Amino acid sequence: MKSVVAFVSSILIATVVMANDMAPDALIKSVSGEVLEIVRADKDIQSGNTKKAADLVERKIAPNFDFLHMTRLALGRDWRQASTEQQKALANEFQILLVRTYSRALTEYKNQTIDIKPLALKVGETDVKVRSEIKQPGAKSIQLDYYLQKDTNGWKIYDIEVAGISLVTNYRESFASEVRNSGIDGLLKSLQTKNKSGDTVAIKK
(Lines give C-alpha, C1' and ligand atoms only; values in the text may rest on other atoms or scores of the structure.)
Protein backbone atom coordinates (compact mmCIF):
# COMPACT_ATOMS: atom_id res chain seq x y z
CA MET A 1 0.00 0.00 0.00
CA LYS A 2 2.94 2.33 0.60
CA SER A 3 3.75 2.45 -3.10
CA VAL A 4 0.16 3.40 -3.84
CA VAL A 5 0.15 6.20 -1.29
CA ALA A 6 3.48 7.43 -2.62
CA PHE A 7 2.12 7.61 -6.10
CA VAL A 8 -1.05 9.35 -4.94
CA SER A 9 1.23 11.90 -3.32
CA SER A 10 2.97 12.59 -6.58
CA ILE A 11 -0.34 13.08 -8.31
CA LEU A 12 -1.63 15.35 -5.58
CA ILE A 13 1.39 17.50 -6.21
CA ALA A 14 0.61 17.39 -9.91
CA THR A 15 -2.63 19.29 -9.56
CA VAL A 16 -1.31 22.83 -9.90
CA VAL A 17 -4.15 24.91 -11.24
CA MET A 18 -2.73 27.79 -13.24
CA ALA A 19 -4.70 27.49 -16.48
CA ASN A 20 -8.38 27.96 -15.71
CA ASP A 21 -9.40 27.08 -19.27
CA MET A 22 -7.58 23.73 -19.35
CA ALA A 23 -9.77 20.67 -18.95
CA PRO A 24 -9.15 18.95 -15.58
CA ASP A 25 -7.99 15.67 -17.12
CA ALA A 26 -5.59 17.44 -19.48
CA LEU A 27 -4.30 19.54 -16.59
CA ILE A 28 -3.54 16.54 -14.41
CA LYS A 29 -1.89 14.68 -17.27
CA SER A 30 0.25 17.64 -18.31
CA VAL A 31 1.50 18.75 -14.92
CA SER A 32 1.88 15.25 -13.44
CA GLY A 33 4.49 14.36 -16.05
CA GLU A 34 6.55 17.42 -15.19
CA VAL A 35 6.34 16.89 -11.43
CA LEU A 36 7.15 13.20 -11.58
CA GLU A 37 10.26 14.02 -13.57
CA ILE A 38 11.33 16.39 -10.79
CA VAL A 39 10.84 13.66 -8.19
CA ARG A 40 12.71 11.08 -10.25
CA ALA A 41 15.66 13.45 -10.58
CA ASP A 42 15.68 14.53 -6.93
CA LYS A 43 17.93 12.16 -5.01
CA ASP A 44 17.25 13.92 -1.71
CA ILE A 45 13.51 13.20 -1.88
CA GLN A 46 14.14 9.64 -3.03
CA SER A 47 16.49 9.09 -0.11
CA GLY A 48 13.89 10.19 2.43
CA ASN A 49 14.23 13.96 2.77
CA THR A 50 10.71 14.65 4.01
CA LYS A 51 11.39 18.34 4.58
CA LYS A 52 12.27 18.84 0.94
CA ALA A 53 9.26 16.76 -0.06
CA ALA A 54 7.03 18.84 2.21
CA ASP A 55 8.35 22.06 0.69
CA LEU A 56 7.47 20.71 -2.74
CA VAL A 57 4.00 19.68 -1.61
CA GLU A 58 3.36 23.05 0.02
CA ARG A 59 4.42 24.90 -3.12
CA LYS A 60 2.44 22.79 -5.52
CA ILE A 61 -0.75 21.58 -3.87
CA ALA A 62 -1.68 23.80 -0.92
CA PRO A 63 -2.97 26.71 -3.05
CA ASN A 64 -4.87 24.34 -5.33
CA PHE A 65 -6.83 22.12 -2.94
CA ASP A 66 -10.08 23.15 -1.32
CA PHE A 67 -9.11 22.10 2.19
CA LEU A 68 -12.14 23.81 3.72
CA HIS A 69 -14.46 21.75 1.54
CA MET A 70 -12.46 18.59 2.26
CA THR A 71 -12.65 19.19 6.00
CA ARG A 72 -16.38 19.88 5.81
CA LEU A 73 -16.93 16.60 3.99
CA ALA A 74 -14.72 14.71 6.45
CA LEU A 75 -16.68 16.02 9.43
CA GLY A 76 -20.09 15.48 7.86
CA ARG A 77 -22.93 16.58 10.13
CA ASP A 78 -20.47 17.51 12.89
CA TRP A 79 -19.29 20.43 10.74
CA ARG A 80 -22.36 22.41 11.80
CA GLN A 81 -21.26 22.22 15.43
CA ALA A 82 -18.11 24.19 14.71
CA SER A 83 -17.91 27.96 14.76
CA THR A 84 -16.43 29.80 11.80
CA GLU A 85 -13.14 30.15 13.67
CA GLN A 86 -13.10 26.45 14.56
CA GLN A 87 -13.86 25.50 10.95
CA LYS A 88 -10.92 27.53 9.69
CA ALA A 89 -8.64 26.10 12.37
CA LEU A 90 -9.72 22.53 11.60
CA ALA A 91 -9.15 23.04 7.86
CA ASN A 92 -5.67 24.42 8.57
CA GLU A 93 -4.71 21.48 10.78
CA PHE A 94 -6.19 19.00 8.31
CA GLN A 95 -4.08 20.59 5.57
CA ILE A 96 -0.93 20.28 7.67
CA LEU A 97 -1.72 16.63 8.40
CA LEU A 98 -2.31 15.77 4.75
CA VAL A 99 0.81 17.61 3.59
CA ARG A 100 2.89 15.75 6.16
CA THR A 101 1.31 12.38 5.34
CA TYR A 102 1.83 12.66 1.61
CA SER A 103 5.25 14.23 1.90
CA ARG A 104 6.47 11.16 3.73
CA ALA A 105 4.81 8.87 1.22
CA LEU A 106 6.35 10.81 -1.65
CA THR A 107 9.84 9.81 -0.55
CA GLU A 108 8.85 6.19 -1.29
CA TYR A 109 7.97 6.90 -4.93
CA LYS A 110 9.60 4.36 -7.25
CA ASN A 111 8.64 3.67 -10.84
CA GLN A 112 4.86 3.80 -11.02
CA THR A 113 3.15 5.39 -14.01
CA ILE A 114 -0.34 6.74 -14.50
CA ASP A 115 -2.88 6.51 -17.28
CA ILE A 116 -5.35 9.41 -17.21
CA LYS A 117 -8.71 8.49 -18.70
CA PRO A 118 -10.20 11.05 -21.12
CA LEU A 119 -12.98 13.15 -19.59
CA ALA A 120 -16.02 14.18 -21.60
CA LEU A 121 -16.40 17.61 -20.02
CA LYS A 122 -19.82 19.12 -20.62
CA VAL A 123 -20.32 22.82 -21.28
CA GLY A 124 -20.75 24.65 -18.00
CA GLU A 125 -19.87 21.63 -15.88
CA THR A 126 -18.12 22.62 -12.64
CA ASP A 127 -17.97 19.34 -10.66
CA VAL A 128 -16.23 16.36 -12.24
CA LYS A 129 -14.62 13.02 -11.57
CA VAL A 130 -11.38 12.30 -13.40
CA ARG A 131 -10.52 8.62 -13.59
CA SER A 132 -7.03 7.22 -13.85
CA GLU A 133 -5.09 4.01 -13.40
CA ILE A 134 -1.83 3.47 -11.56
CA LYS A 135 0.41 0.97 -13.29
CA GLN A 136 3.05 -0.76 -11.17
CA PRO A 137 5.60 -3.15 -12.66
CA GLY A 138 4.92 -6.65 -11.39
CA ALA A 139 1.74 -5.67 -9.59
CA LYS A 140 -1.94 -5.20 -10.33
CA SER A 141 -3.03 -1.81 -11.62
CA ILE A 142 -4.96 0.36 -9.18
CA GLN A 143 -7.84 2.73 -9.85
CA LEU A 144 -7.22 6.33 -8.78
CA ASP A 145 -10.02 8.89 -9.16
CA TYR A 146 -10.09 12.64 -8.54
CA TYR A 147 -13.05 14.82 -7.62
CA LEU A 148 -12.68 18.43 -8.71
CA GLN A 149 -14.77 21.58 -8.58
CA LYS A 150 -14.25 24.72 -10.59
CA ASP A 151 -14.66 28.16 -9.09
CA THR A 152 -13.40 31.62 -10.03
CA ASN A 153 -9.85 30.51 -9.24
CA GLY A 154 -9.94 27.41 -11.44
CA TRP A 155 -10.23 23.68 -10.77
CA LYS A 156 -9.59 22.44 -7.24
CA ILE A 157 -9.54 18.92 -5.87
CA TYR A 158 -11.78 18.19 -2.91
CA ASP A 159 -11.42 14.40 -2.70
CA ILE A 160 -9.61 11.45 -4.22
CA GLU A 161 -10.36 7.74 -4.26
CA VAL A 162 -7.72 5.01 -4.22
CA ALA A 163 -9.14 1.65 -5.31
CA GLY A 164 -12.60 2.95 -4.46
CA ILE A 165 -11.63 4.29 -1.02
CA SER A 166 -12.24 8.00 -0.49
CA LEU A 167 -9.55 10.07 1.21
CA VAL A 168 -12.24 12.14 2.92
CA THR A 169 -14.17 9.07 4.06
CA ASN A 170 -10.93 7.58 5.36
CA TYR A 171 -10.80 10.29 8.03
CA ARG A 172 -14.52 10.53 8.75
CA GLU A 173 -14.73 7.72 11.28
CA SER A 174 -11.84 8.95 13.40
CA PHE A 175 -13.09 12.56 13.25
CA ALA A 176 -16.59 11.50 14.32
CA SER A 177 -15.16 9.48 17.20
CA GLU A 178 -13.12 12.44 18.45
CA VAL A 179 -16.14 14.75 18.28
CA ARG A 180 -18.32 12.25 20.15
CA ASN A 181 -15.75 11.86 22.90
CA SER A 182 -14.47 15.42 23.32
CA GLY A 183 -16.30 17.76 20.97
CA ILE A 184 -14.97 20.00 18.22
CA ASP A 185 -12.26 21.41 20.46
CA GLY A 186 -11.13 17.88 21.23
CA LEU A 187 -10.80 17.05 17.54
CA LEU A 188 -8.88 20.26 16.94
CA LYS A 189 -6.54 19.51 19.82
CA SER A 190 -6.02 15.97 18.54
CA LEU A 191 -5.04 17.22 15.09
CA GLN A 192 -2.72 19.82 16.57
CA THR A 193 -1.05 17.16 18.71
CA LYS A 194 -0.56 14.86 15.70
CA ASN A 195 0.93 17.69 13.68
CA LYS A 196 3.31 18.76 16.44
CA SER A 197 4.47 15.20 17.02
CA GLY A 198 4.91 14.51 13.32
CA ASP A 199 2.36 11.68 13.25
CA THR A 200 0.57 10.82 10.03
CA VAL A 201 -2.56 8.88 9.26
CA ALA A 202 -2.31 6.07 6.74
CA ILE A 203 -4.92 5.51 4.08
CA LYS A 204 -6.74 2.27 4.86
CA LYS A 205 -6.43 -0.67 2.54
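The values are calculated or read from the model by the stated rules, or taken from the named source; none is laboratory data. Predicted model only: the values in this text are computed from it and were never measured. We place every Cβ from the backbone using ideal geometry, glycine too, and count neighbours over all the protein chains shown.
Apart from one condition, Y102 fits all of (1) under 21 Å from L191 (Cβ atoms); (2) at pLDDT 80 or above; (3) of a type in the set (S, T, Y); the exception is (2). In region 43-59 there is no residue matching the filter, namely being among the β-branched types (V, I, T), at pLDDT below 70 and crowded, with 16+ Cβ neighbours inside 10 Å. Taken over region 127-167, the criterion of being aliphatic (A, V, I, L, M) and in contact with a Pro (Cβ under 8 Å, 6 or more places away or on another chain) is satisfied by V128, V130, L148. For region 91-134, filtering for residues that are of a type outside the set (A, V, I, L, M, F, W, C), in a loop (DSSP other than H, G, I, E, B) and touching a helix residue (DSSP H, G or I) at 6+ places or on another chain (Cβ under 8 Å) leaves 7.
Taken over region 159-176, the criterion of being of a type in the set (A, V, I, L, M), surrounded by 17 or more Cβ atoms within 10 Å (Cβ to Cβ) and modelled with pLDDT of 90 or more is satisfied by V168 alone. I'm checking my understanding of the structure. Among residues of region 146-158 that are farther than 18 Å from K122 by Cβ and touching a residue at least 12 places away in the same chain (Cβ under 8 Å), which one is surrounded by the most Cβ atoms within 10 Å (Cβ to Cβ)? Per the stated criteria, the residue is I157. Return yes or no: is A120 hydrophobic (A, V, I, L, M, F, W, C), without any contact (Cβ under 8 Å) to a residue 24 or more places away in the chain and farther than 21 Å from F67 by Cα? Here the answer is yes, as A120 does meet what is asked.
With over 19 Å from E173 (Cβ atoms) and out of contact with any Gly (no Cβ under 8 Å at 6 or more places or on another chain) as the only criterion, which of L73, L97, L90, L68 stands out? Going through L73, L97, L90, L68 in turn, just one is over 19 Å from E173 (Cβ atoms) and out of contact with any Gly (no Cβ under 8 Å at 6 or more places or on another chain): L68.
If you filter region 63-90 down to residues that are assigned to a helix (DSSP H, G or I) and aromatic (F, W, Y), you find that the one that is nearest to the chain's Cα centre (by Cα) is F67. Screening K122 against (1) crowded, with 16+ Cβ neighbours inside 10 Å; (2) more than 18 Å from the chain's Cα centre (by Cα) leaves a single unmet condition, (1). Residues that are out of contact with any helix residue (DSSP H, G or I) (no Cβ under 7 Å at 6 or more places or on another chain) and either farther than 19 Å from N153 by Cα or among the acidic types (D, E) (or both) within region 62-86 comprise D66, R77, R80, S83, T84, E85, listed in sequence order. Of the residues K196, K140, the single one that is part of a loop (DSSP other than H, G, I, E, B) and either over 26 Å from M22 (Cα atoms) or at pLDDT below 85 (or both) is K140.
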